[in-house]
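Asks: Here you go, one structure.
The values are calculated or read from the model by the stated rules, or taken from the named source; none is laboratory data. This structure is a prediction, so every number in the text was calculated from the model and none was measured. Cβ: placed from backbone, ideal geometry, glycine included. Neighbour counts: every protein chain shown. Ligands, DNA and RNA are stripped out before the accessible areas are found, and what is left, the full protein with its side chains, is counted by its heavy atoms. Shrake-Rupley method; radii C 1.70, N 1.55, O 1.52, S 1.80 Å.
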Amino acid sequence: MASPIRHTAEQNQVESLKVTGMEYGSVPLSPSFFHAHSPQSLCHSHLPFHLFQCFSLGSGEATAMLPYASIEEAEAALGRGLSFAETLWFSYSATKSDFYLYCHNILFLLVIFSIVPLPLILLELYRYSGLNKYKIQPRVRLSFSEIIRCYKDVMWMFFFLVGPLQLASYPTIKMIGIRTGLPLPSGWEIFMQLLAYFMIEDYTNYWIHRSLHGEWGYEKIHRVHHEYAAPIGFAAPYAHWAEILILGIPSFLGPLIAPGHMITLWLWIALRQIEAIETHSGYDLPWSPTKYIPFYGGADHHDYHHYVGGQSHSNFASVFTYCDFIYGTDKGYRYQKKLLAKMKGEEFQKTQ
């Protein structure tokens, strides 16, 4: 028997649409339709997912599970067959709440923080001679104990700040309109939203990061991240707790301005962290696919920022290089690149 809380919430949703009737896509929503269905049955009807939210028994909290009992019902509601990706999504998410799906971010971040840096960390430890030439600061090597200490500090911050912060942000994610239902966004829509997220994050991160290099911001907060003058992948999320909170704002602005599907949010969080790990890897690998991204900074661009340290007024951008170029904060970096190129040219001429 459904609880009064659940019945009241569902009844209110139904009554709000009974008055004049509606039409959504190929599904008629007339007053007679609502009178012919109970509030409980509507939660499992052919209606598109985002028109109704089912409520967990006795809790009164929206779980917003897919309201289709089968793929056939979902196809009838959409008026077309499901794509392969939509079939997989239905099979996985049909019985899972939005909160459960959102919490996948915590697992993704844990795996990314722990696994993605490992290949270049092993390279750092074993010093494979064939790849040493790609090490940006070859004279600086971290010991195994230093690397483990960095990872332990990152995990401590993850379990006691990042993870709980992800859980606490769920109501905001629901409020801004991140959806989990069908249809899934097209590949083009996902690409354009991710591009917008990266551009928004990069621009806002630039100014916040630049402000953290003021005397107070650096000494009180940002110097923790700069403990690694020659960064490694594990050091990407290594920072003061206040910096994690502050720089979380730019990451959230994109989904706030242009909310999309939960899958897009998953991809955004995963790709942003993978990008941060690459730029902190300490290696400038010529075969990296990011070399083909226009205006992408990469490891070499950000490594210079760490190399200069607290006095750095160069290379504040997190992803792209256009902000540093426009605002003139890459002059030291560009001068160094020209100087190194000149020295290499002179050395080459001597060998001829």
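Asks: Given a 1.4 Å probe and the protein chains all in place, what does the accessible area of LYS291 round to, in Å² to the nearest 10?
Replies: 100 Å²
Asks: Counting other Cβ atoms within 10 Å, keep those with at most 15, restrict to DSSP loop, and tell me which chymotrypsin sites (Phe, Trp or Tyr not before Pro) in region 66-148 are left. Walk me through the numbers on the way to the answer.
Replies: Numbers: sites: TYR68, PHE84, TRP89, PHE90, TYR92, PHE99, TYR100, TYR102, PHE108, PHE113, TYR126, TYR128, TYR134, PHE144; in loops: TYR68, TYR128.
Hits after loop and neighbour filter: TYR128.
Asks: Now for a separate question. Enumerate the lysines that LYS96 could reach by cross-link, defined here as Cα to Cα under 26 Å, with residues fewer than 8 away along the same chain left out.
Replies: LYS174
Asks: Before I look further, what does region 86-133 give for accessible area per residue, probe 1.4 Å, in whole square angstrom?
Replies: Values: 2580 Å² over 48 residues.
Per residue, region 86-133 has 54 Å² of solvent-accessible surface.
Asks: Can you work out the FRET efficiency for the pair TYR100 and ARG80, with r the C-beta to C-beta distance and R0 = 22 Å, to the nearest 0.05? Mind dumping the intermediate values first?
Replies: Values: r = 27 Å, r/R0 = 1.24.
Plugging the Cβ-Cβ distance into 1/(1 + (r/R0)^6) gives 0.20.
Asks: So with the 1.4 Å probe, I'd like the accessible area per residue for region 145-201, rounded to whole Å². Don't skip to the answer; put the middle values down first.
Replies: On the way: 3010 Å² over 57 residues.
Accessible area per residue: 53 Å².
Asks: Could you report region 267-307's accessible area per residue, 1.4 Å probe, as an integer in Å²?
Replies: Values: 1810 Å² over 41 residues.
On a per-residue basis, 44 Å².
Asks: Note down the net charge around ARG223, summing +1 for each Lys or Arg and -1 for each Asp or Glu among other residues with Cβ under 12 Å from its Cβ.
Replies: Working: positive: LYS220; negative: GLU215, GLU219, GLU227, GLU243.
Cβ neighbours under 12 Å give a net charge of -3.
Asks: Net charge around LEU125, counting only other residues with Cβ within less than 15 Å of its Cβ (Lys, Arg = +1; Asp, Glu = -1)?
Replies: Details: positive: ARG127, LYS135, ARG141, ARG149; negative: GLU124, GLU146.
That sum, taken over residues with Cβ under 15 Å, equals +2.
Asks: A further question on this structure: So how far apart, in nm, are the two label points at ILE115 and TYR128 if each is 7 Å from Cα heading toward Cβ?
Replies: Those two pseudo-labels are separated by 1.9 nm.
Asks: Continuing with this model, one more query. Given a Förster distance of 35 angstrom, what is the FRET efficiency for GLN137 paired with TRP266, based on the Cβ-Cβ distance and rounded to 0.05?
Replies: On the way: r = 34 Å, r/R0 = 0.96.
Plugging the Cβ-Cβ distance into 1/(1 + (r/R0)^6) gives 0.55.
Asks: Continuing with the same structure: Out of the total accessible area of region 108-264 (probe 1.4 Å, heavy atoms of protein only), what percent is carbon and sulfur?
Replies: Values: 5510 of 7940 Å².
Heavy-atom surface of region 108-264 belonging to carbon and sulfur, 1.4 Å probe: 69 percent.
Asks: MET199 to GLN336: FRET efficiency via 1/(1 + (r/R0)^6), r the Cβ-Cβ distance, R0 25 Å, to the nearest 0.05?
Replies: Working: r = 27 Å, r/R0 = 1.07.
The computed FRET efficiency comes out at 0.40.
Asks: Specify, per residue and in Å³, the volume enclosed by the convex hull of the alpha carbon atoms belonging to region 275-348. Intermediate results must be reported in sequence, preceding the final value.
Replies: Details: hull volume 7.7 nm³, N = 74.
Given the Cα convex hull of region 275-348, per-residue volume reads 104 Å³.
Asks: Let me make sure I get this right: for region 69-128, a, b and c are the square roots of the gyration tensor eigenvalues over alpha carbons, sorted descending. Under 1.5 in a/c it's rounded, otherwise prolate if a/b > b/c, else oblate. Which is it? Please list the in-between numbers first.
Replies: Values: a/c = 6.35, a/b = 2.77, b/c = 2.30.
Prolate, since a/c reaches 1.5 and a/b exceeds b/c.
Asks: Over 23 Å between Cα atoms: which of LYS220/LYS337; LYS133/LYS291; LYS133/LYS331; LYS291/LYS337; LYS135/LYS291; LYS220/LYS331 fall into that group? It would help to have the intermediate numbers written out before the result.
Replies: Values: LYS220/LYS337 31 Å; LYS133/LYS291 17 Å; LYS133/LYS331 25 Å; LYS291/LYS337 17 Å; LYS135/LYS291 16 Å; LYS220/LYS331 27 Å.
Result: LYS220/LYS337; LYS133/LYS331; LYS220/LYS331 exceed 23 Å.
Asks: Ok, one more. Tell me the carbon and sulfur percent of the accessible area for region 267-320, rounded to whole percent, probe radius 1.4 Å.
Replies: About 65 percent, which is the carbon plus sulfur part of the accessible surface.
Asks: Here's something else I'd like to know. Excluding SER114 itself, calculate the net charge of residues whose Cβ lies under 14 Å from the Cβ of SER114, where each Lys or Arg counts +1 and each Asp or Glu counts -1. Please report the intermediate quantities before stating the final value.
Replies: On the way: positive: LYS152; negative: ASP153.
In short, 0.
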